[in-house]
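Notes to accompany the following structure.
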Amino acid sequence: MKKFGLVWQILIGLILGIAVGAIFYGNPKVAEILDPIGQIFLHLIKMIVVPIILSTLIVGVAGVGGGKSLGRLGGKTIIYFEIVTTVAIIIGLLVANVFQPGVGIDMSQLSQTDISKYVHTTEETQAHGFADTLVNIVPTNIVQSMAKGDNLAIIFFAVMFGLALGQIGERGKPLLHFFELVADTMFKLTNMIMKFAPFGVFALIGVTVSKFGLSSLIPLGKLMILVYLTMIFFIVVVLGLISKWAGVNIFRLVATLKEELLLAYSTSSSETVLPRIMEKLEKMGCPKAIVSFVVPTGYSFNLDGSTLYQALAGIFIAQMYGINLSIGQQITFMLVLMLTSKGIAGVPGVSFVVLLATLGSVGIPIEGLAFIAGIDRLLDMARTVVNVVGNSVAAIVMSKWEGQFNKEQAKDYLKNLGRPVESN
């Protein structure tokens, strides 16, 4: 018999947790027994946040190189990535604010969490102005910032360090390889920790349902439906309009890449289809040099699906805790997401860690992530598909922008849905 994959294990843990919580609804013993297991899982996740942020951002920024070495293509590509990912974040925020999927349950008592330390009072907001926030982003002691888990300071340091490392050139390669190794190790560690996820999900969902009843699951279903519908909207409308400008039909493109998208969806990893996506884009009429630069870079800097989900999920968690984020706080959240989402490779579950690293910057309780952990893998599958489509569209756009896109070749290739074109 084949072993159950992680997705099935998490789903089984989720179902069993719901069942146990429903059976023992109102019994405080459930929380006493299960809460420590859930807290261990949360602690394991928190343990890896700082090294992941530090290593992946340094590798991502340094890998592109200094400003001069980016060149014309690099500059255009980064500008395009920033615009599209920002649009994705804005759409996620708008959808969450309009449909309010997290409204309807009071999570303020879950796991004895003291929500008061997260909520910014009016006095605190006035005392801690925008200027103070900017000043505090720059760390005076990066080691102290890492010990305190000050993610904004860590992000600032990692970006500056990555830029400096990229400008050193060949002499900086050994140090860059070191951080690449750290990042790879942290991804392996993430996968190891995720093996404990079924137990963590079982415990955390069990505690939630035992305290709040089955009605607490309604927002979870609303979130999942909303995420999938928003992802479809983003592909059809946003990426569809961009593709149309480039002379490509988005439905034809998706149909041509259906095998790769299905594989990416089932594995929740965009890296599994990287070689085949690049091969098809070249056959579609995109120059090899452009594809070789844009697609791999996009896996770190153009995660449209991930950023859209993170924005939506962040507001969802705030709504569950009854926290009304101001426009300023949501803008801050957006700006932080624009940084934390960069440099993260297509590894399953890493978007969950990025969200963890972002929530605290605007006063959203990170404990709320425990509530969506059970369906995160299912959501990860959807955002991986959007990431793959987004990077494929980016390669086509950059090829057209550089005046090197073979539109006729693309038309023939897409007409045949990726099958070899018969020559006369």
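Things worth noting here:
- Environment charge at Leu261 (Cβ cut-off 12 Å; Lys +1, Arg +1, Asp -1, Glu -1): +1
- Per residue, segment 183-275 exposes an accessible area of 45 Å² to a 1.4 Å probe, with every protein chain left in place.
- Peptide packing: for 29-36, 199-206, 13-20, the average count of neighbouring Cβ atoms within 10 Å per residue gives the ranking 199-206, 13-20, 29-36, highest mean first.
The values are calculated or read from the model by the stated rules, or taken from the named source; none is laboratory data. Fair warning: this is a prediction, and the values are worked out from it, not measured in the lab. For neighbour counting, all protein chains shown are included, and Cβ atoms are generated from backbone atoms with ideal geometry for every residue, glycine included. To get the accessible areas, we keep the full protein, side chains included, count just its heavy atoms, and leave off ligands, DNA and RNA. Shrake-Rupley method; radii C 1.70, N 1.55, O 1.52, S 1.80 Å.
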